[in-house]
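In what follows, a structure is listed as C-alpha coordinates, so that the remarks can point back to it.
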Amino acid sequence: MVSEIEFILLFKILVAHLLADFFFQPYSWIKGRRKFGVYSRHLYLHIGVVGLITYLLIGEWTEWRLPLFIVVTHFLIDWWKSSMRDSTLNFVIDQLAHLLMAVIGWLWYIESGSIFIDAVFQGLYGPTFWIILGGYLIALRPMGFLITKVTHKWQEELGKEQKDFSGLDRAGTWIGYLERIIILTFILLQQYSAIGFLIAAKSIFRFSGGVKEPHERKYAEYILIGTLISFSLAILLGIGMLALL
(Lines give C-alpha, C1' and ligand atoms only; values in the text may rest on other atoms or scores of the structure.)
Protein backbone atom coordinates (compact mmCIF):
# COMPACT_ATOMS: atom_id res chain seq x y z
CA MET A 1 0.00 0.00 0.00
CA VAL A 2 1.05 3.59 -0.61
CA SER A 3 1.91 5.25 2.70
CA GLU A 4 0.68 8.60 3.93
CA ILE A 5 4.17 10.07 3.54
CA GLU A 6 4.26 8.97 -0.09
CA PHE A 7 0.86 10.56 -0.75
CA ILE A 8 2.08 13.79 0.85
CA LEU A 9 5.05 13.70 -1.54
CA LEU A 10 2.68 13.69 -4.52
CA PHE A 11 0.88 16.74 -3.20
CA LYS A 12 4.21 18.49 -2.60
CA ILE A 13 5.04 17.99 -6.28
CA LEU A 14 1.64 19.34 -7.32
CA VAL A 15 1.94 22.36 -5.01
CA ALA A 16 5.41 23.06 -6.43
CA HIS A 17 3.89 23.08 -9.92
CA LEU A 18 1.11 25.44 -8.88
CA LEU A 19 3.52 27.84 -7.23
CA ALA A 20 5.96 27.84 -10.15
CA ASP A 21 3.34 28.10 -12.90
CA PHE A 22 0.84 30.52 -11.36
CA PHE A 23 2.51 32.48 -8.55
CA PHE A 24 6.21 32.80 -9.42
CA GLN A 25 5.90 33.26 -13.17
CA PRO A 26 5.38 36.90 -14.23
CA TYR A 27 3.20 37.49 -17.27
CA SER A 28 6.22 39.02 -19.03
CA TRP A 29 7.87 35.59 -18.91
CA ILE A 30 4.83 33.99 -20.55
CA LYS A 31 4.84 36.61 -23.31
CA GLY A 32 8.55 36.09 -23.83
CA ARG A 33 8.09 32.34 -24.16
CA ARG A 34 5.30 32.79 -26.68
CA LYS A 35 7.38 35.19 -28.75
CA PHE A 36 10.77 33.46 -28.76
CA GLY A 37 9.91 29.84 -27.86
CA VAL A 38 12.92 27.72 -26.98
CA TYR A 39 15.22 30.71 -27.48
CA SER A 40 13.50 32.72 -24.76
CA ARG A 41 15.52 33.24 -21.60
CA HIS A 42 12.23 33.43 -19.73
CA LEU A 43 11.60 29.76 -20.51
CA TYR A 44 14.83 28.77 -18.79
CA LEU A 45 14.21 31.12 -15.88
CA HIS A 46 10.81 29.50 -15.39
CA ILE A 47 12.25 25.99 -15.57
CA GLY A 48 14.87 26.95 -13.00
CA VAL A 49 12.11 28.15 -10.66
CA VAL A 50 10.23 24.88 -11.22
CA GLY A 51 13.29 22.82 -10.31
CA LEU A 52 14.17 24.92 -7.27
CA ILE A 53 10.68 24.92 -5.76
CA THR A 54 10.24 21.18 -6.43
CA TYR A 55 13.60 20.40 -4.81
CA LEU A 56 12.86 22.55 -1.75
CA LEU A 57 9.36 21.17 -1.18
CA ILE A 58 10.42 17.54 -1.59
CA GLY A 59 13.00 18.17 1.12
CA GLU A 60 15.21 15.19 0.25
CA TRP A 61 18.51 17.05 -0.13
CA THR A 62 20.42 14.11 -1.63
CA GLU A 63 17.59 13.25 -4.04
CA TRP A 64 18.02 14.82 -7.48
CA ARG A 65 16.34 12.28 -9.79
CA LEU A 66 12.73 13.32 -9.16
CA PRO A 67 13.34 17.10 -9.41
CA LEU A 68 15.35 16.47 -12.59
CA PHE A 69 12.51 14.40 -14.08
CA ILE A 70 10.01 17.19 -13.28
CA VAL A 71 12.33 19.84 -14.75
CA VAL A 72 12.94 17.95 -18.01
CA THR A 73 9.29 17.04 -18.59
CA HIS A 74 8.16 20.56 -17.64
CA PHE A 75 10.61 22.02 -20.14
CA LEU A 76 9.38 19.77 -22.96
CA ILE A 77 5.72 20.53 -22.24
CA ASP A 78 6.31 24.29 -22.00
CA TRP A 79 8.39 24.20 -25.19
CA TRP A 80 5.43 22.60 -26.96
CA LYS A 81 3.01 25.07 -25.38
CA SER A 82 5.12 28.05 -26.46
CA SER A 83 4.81 26.99 -30.10
CA MET A 84 1.02 26.54 -29.93
CA ARG A 85 -1.81 29.04 -30.20
CA ASP A 86 -2.95 30.53 -26.91
CA SER A 87 -6.33 28.87 -26.33
CA THR A 88 -8.38 27.30 -23.57
CA LEU A 89 -7.90 23.80 -25.05
CA ASN A 90 -4.11 24.13 -25.20
CA PHE A 91 -4.06 25.49 -21.64
CA VAL A 92 -6.04 22.47 -20.39
CA ILE A 93 -3.81 20.04 -22.34
CA ASP A 94 -0.73 21.76 -20.93
CA GLN A 95 -1.92 21.46 -17.32
CA LEU A 96 -3.10 17.86 -17.73
CA ALA A 97 0.29 16.94 -19.21
CA HIS A 98 2.08 18.49 -16.22
CA LEU A 99 -0.26 16.60 -13.87
CA LEU A 100 0.36 13.32 -15.70
CA MET A 101 4.14 13.78 -15.59
CA ALA A 102 3.97 14.59 -11.87
CA VAL A 103 2.05 11.37 -11.18
CA ILE A 104 4.38 9.29 -13.38
CA GLY A 105 7.46 10.75 -11.69
CA TRP A 106 5.95 10.14 -8.26
CA LEU A 107 5.05 6.52 -9.06
CA TRP A 108 8.55 5.88 -10.36
CA TYR A 109 10.13 7.49 -7.30
CA ILE A 110 8.13 5.65 -4.63
CA GLU A 111 8.83 2.31 -6.38
CA SER A 112 5.42 0.98 -5.45
CA GLY A 113 3.54 2.40 -8.40
CA SER A 114 2.28 -1.01 -9.49
CA ILE A 115 0.28 -1.33 -6.26
CA PHE A 116 -1.22 2.11 -6.74
CA ILE A 117 -2.04 1.42 -10.39
CA ASP A 118 -3.68 -1.90 -9.46
CA ALA A 119 -5.90 -0.07 -6.96
CA VAL A 120 -6.87 2.48 -9.63
CA PHE A 121 -7.79 -0.23 -12.12
CA GLN A 122 -9.80 -2.09 -9.48
CA GLY A 123 -11.80 1.10 -9.02
CA LEU A 124 -12.32 1.37 -12.79
CA TYR A 125 -13.69 -2.16 -12.93
CA GLY A 126 -16.14 -1.49 -10.09
CA PRO A 127 -19.71 -0.22 -10.63
CA THR A 128 -19.29 3.05 -8.69
CA PHE A 129 -16.98 4.63 -11.28
CA TRP A 130 -19.23 3.75 -14.21
CA ILE A 131 -22.42 4.88 -12.48
CA ILE A 132 -20.88 8.27 -11.68
CA LEU A 133 -19.32 8.67 -15.12
CA GLY A 134 -22.54 7.67 -16.88
CA GLY A 135 -24.60 10.01 -14.71
CA TYR A 136 -22.45 13.05 -15.43
CA LEU A 137 -22.44 12.27 -19.16
CA ILE A 138 -26.26 12.04 -19.15
CA ALA A 139 -26.45 15.39 -17.35
CA LEU A 140 -24.60 17.06 -20.19
CA ARG A 141 -25.69 16.69 -23.80
CA PRO A 142 -28.52 14.10 -23.53
CA MET A 143 -30.40 16.25 -21.00
CA GLY A 144 -29.56 19.33 -23.03
CA PHE A 145 -31.14 17.81 -26.13
CA LEU A 146 -34.21 16.78 -24.15
CA ILE A 147 -34.69 20.27 -22.70
CA THR A 148 -34.33 21.78 -26.18
CA LYS A 149 -37.02 19.43 -27.52
CA VAL A 150 -39.42 20.16 -24.64
CA THR A 151 -39.04 23.94 -24.89
CA HIS A 152 -38.93 24.13 -28.71
CA LYS A 153 -42.52 25.32 -29.14
CA TRP A 154 -41.98 28.23 -26.73
CA GLN A 155 -38.75 29.13 -28.48
CA GLU A 156 -40.65 29.31 -31.77
CA GLU A 157 -43.30 31.51 -30.13
CA LEU A 158 -40.60 33.90 -28.95
CA GLY A 159 -39.19 33.99 -32.46
CA LYS A 160 -42.50 35.29 -33.80
CA GLU A 161 -42.22 38.33 -31.52
CA GLN A 162 -39.42 39.67 -33.76
CA LYS A 163 -37.46 40.73 -30.70
CA ASP A 164 -33.75 40.35 -30.18
CA PHE A 165 -33.34 37.88 -27.32
CA SER A 166 -29.89 36.78 -28.39
CA GLY A 167 -27.11 36.62 -25.81
CA LEU A 168 -23.58 35.30 -25.74
CA ASP A 169 -22.90 32.48 -28.18
CA ARG A 170 -23.95 29.15 -26.60
CA ALA A 171 -23.89 30.75 -23.14
CA GLY A 172 -27.25 29.22 -22.23
CA THR A 173 -25.99 25.76 -23.18
CA TRP A 174 -22.92 26.07 -20.97
CA ILE A 175 -24.95 27.51 -18.11
CA GLY A 176 -27.19 24.46 -18.34
CA TYR A 177 -24.21 22.10 -18.34
CA LEU A 178 -22.69 23.76 -15.29
CA GLU A 179 -25.89 24.00 -13.25
CA ARG A 180 -26.71 20.32 -13.81
CA ILE A 181 -23.16 19.26 -12.90
CA ILE A 182 -23.31 21.37 -9.73
CA ILE A 183 -26.72 20.02 -8.72
CA LEU A 184 -25.65 16.44 -9.41
CA THR A 185 -22.53 16.93 -7.31
CA PHE A 186 -24.55 18.43 -4.44
CA ILE A 187 -26.94 15.46 -4.50
CA LEU A 188 -24.13 12.89 -4.54
CA LEU A 189 -22.60 14.72 -1.57
CA GLN A 190 -26.10 14.86 -0.01
CA GLN A 191 -25.90 18.64 0.34
CA TYR A 192 -29.53 19.28 -0.55
CA SER A 193 -29.79 22.72 1.06
CA ALA A 194 -27.11 24.03 -1.31
CA ILE A 195 -29.42 23.31 -4.25
CA GLY A 196 -31.97 25.76 -2.83
CA PHE A 197 -29.32 28.49 -2.65
CA LEU A 198 -28.34 27.76 -6.26
CA ILE A 199 -31.94 28.05 -7.47
CA ALA A 200 -32.48 31.28 -5.52
CA ALA A 201 -29.21 32.81 -6.73
CA LYS A 202 -29.95 32.04 -10.37
CA SER A 203 -33.51 33.34 -10.12
CA ILE A 204 -32.39 36.62 -8.57
CA PHE A 205 -29.63 37.07 -11.14
CA ARG A 206 -31.86 36.26 -14.10
CA PHE A 207 -34.84 38.38 -13.16
CA SER A 208 -33.42 41.18 -11.02
CA GLY A 209 -34.08 43.69 -13.81
CA GLY A 210 -37.84 43.20 -13.66
CA VAL A 211 -40.34 42.47 -16.42
CA LYS A 212 -41.86 45.51 -18.10
CA GLU A 213 -43.08 44.48 -21.57
CA PRO A 214 -45.25 41.49 -22.64
CA HIS A 215 -42.47 40.03 -24.75
CA GLU A 216 -40.11 40.33 -21.78
CA ARG A 217 -42.59 38.39 -19.66
CA LYS A 218 -42.68 35.61 -22.26
CA TYR A 219 -38.90 35.49 -22.38
CA ALA A 220 -38.66 35.38 -18.57
CA GLU A 221 -41.21 32.55 -18.46
CA TYR A 222 -39.32 30.67 -21.17
CA ILE A 223 -36.05 30.93 -19.22
CA LEU A 224 -37.80 29.93 -15.99
CA ILE A 225 -39.36 26.84 -17.61
CA GLY A 226 -36.02 25.76 -19.05
CA THR A 227 -34.28 26.31 -15.73
CA LEU A 228 -36.85 24.34 -13.72
CA ILE A 229 -36.80 21.47 -16.23
CA SER A 230 -32.99 21.41 -16.07
CA PHE A 231 -32.98 21.43 -12.27
CA SER A 232 -35.72 18.78 -12.03
CA LEU A 233 -33.99 16.39 -14.41
CA ALA A 234 -30.66 16.79 -12.62
CA ILE A 235 -32.30 16.15 -9.24
CA LEU A 236 -34.09 13.03 -10.50
CA LEU A 237 -30.87 11.77 -12.07
CA GLY A 238 -28.95 12.34 -8.84
CA ILE A 239 -31.57 10.50 -6.78
CA GLY A 240 -31.43 7.59 -9.22
CA MET A 241 -27.63 7.48 -9.03
CA LEU A 242 -27.72 7.46 -5.23
CA ALA A 243 -30.15 4.56 -5.32
CA LEU A 244 -27.82 2.61 -7.61
CA LEU A 245 -24.79 3.44 -5.50
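The values are calculated or read from the model by the stated rules, or taken from the named source; none is laboratory data. Quick caveat, the model's predicted, so the values are computed rather than measured. Cβ atoms come from the backbone with ideal geometry, glycine included; neighbour counts cover every protein chain shown. All accessible areas refer to the heavy atoms of the entire protein, side chains included, with ligands and DNA or RNA removed. Shrake-Rupley method; radii C 1.70, N 1.55, O 1.52, S 1.80 Å.
What FRET efficiency comes out for the pair residue 5/residue 170, r = Cβ-Cβ distance, R0 = 41 Å, nearest 0.05? Please list the in-between numbers first.
Details: r = 46 Å, r/R0 = 1.13.
The value I calculate is 0.35.
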> Tell me, what is the FRET efficiency for residue 65 and residue 88 to the nearest 0.05, using R0 = 35 angstrom and their Cβ-Cβ distance as r?
Replying inline: 0.55
>> Residue by residue through the range 77-87, what is 3J(HN,Hα) from phi via Karplus (6.51 cos²θ - 1.76 cosθ + 1.60, θ = phi - 60°)? Round to whole Hz and write x for glycine and proline.
In response: 5, 5, 4, 4, 4, 5, 8, 9, 5, 6, 8
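What do the square roots of 5 times the Cα gyration tensor eigenvalues come to for the range 1-71, in whole Å, largest first, as semi-axes of the equivalent ellipsoid?
On the way: eigenvalues 146, 30, 16 Å².
After diagonalising the Cα gyration tensor, the semi-axes are 27, 12, 9 Å.
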>> What are the ³J(HN,Hα) couplings of the range 222-232, residue after residue, when phi is run through the Karplus curve with 6.51, -1.76, 1.60 and θ = phi - 60°? Round to Hz, x for glycine and proline.
In response: 4, 5, 5, 4, x, 5, 5, 5, 4, 4, 4
>> With a 1.4 Å probe and all protein chains kept in place, how much accessible area does residue 197 have, in Å² rounded to the nearest 10?
In response: 150 Å²
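Can you tell me the accessible area per residue over the range 1-55, all protein chains present, probe 1.4 angstrom, in square angstrom?
Working: 3440 Å² over 55 residues.
Computed with neighbouring chains in place, this is 63 Å² per residue.
Could you put 70, 104, 131 in order of accessible surface area, largest first, with the 1.4 Å probe and the full protein assembly present? Intermediate values should be presented prior to the final figure.
Working: 70 15, 104 75, 131 40 Å².
Solvent-accessible surface, decreasing: 104, 131, 70.
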> Tally Lys and Arg at +1 and Asp and Glu at -1 over the other residues with C-beta under 12 Å from the C-beta of residue 101: what net charge comes out?
Replying inline: -2
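Compute the length gained on full extension between residue 28 and residue 111: take 0.36 nm times their separation in residues and subtract their Cα-Cα distance, giving the result in nm to one decimal.
Working: separation 83, 0.36 × 83 = 29.88 nm, distance 3.89 nm.
Full-extension gain reported as 26.0 nm.
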> For the residue pair residue 153 and residue 201, what label-to-label distance in nm results when each label sits 7 Å from Cα along the Cα-to-beta-carbon direction?
Replying inline: 3.5 nm
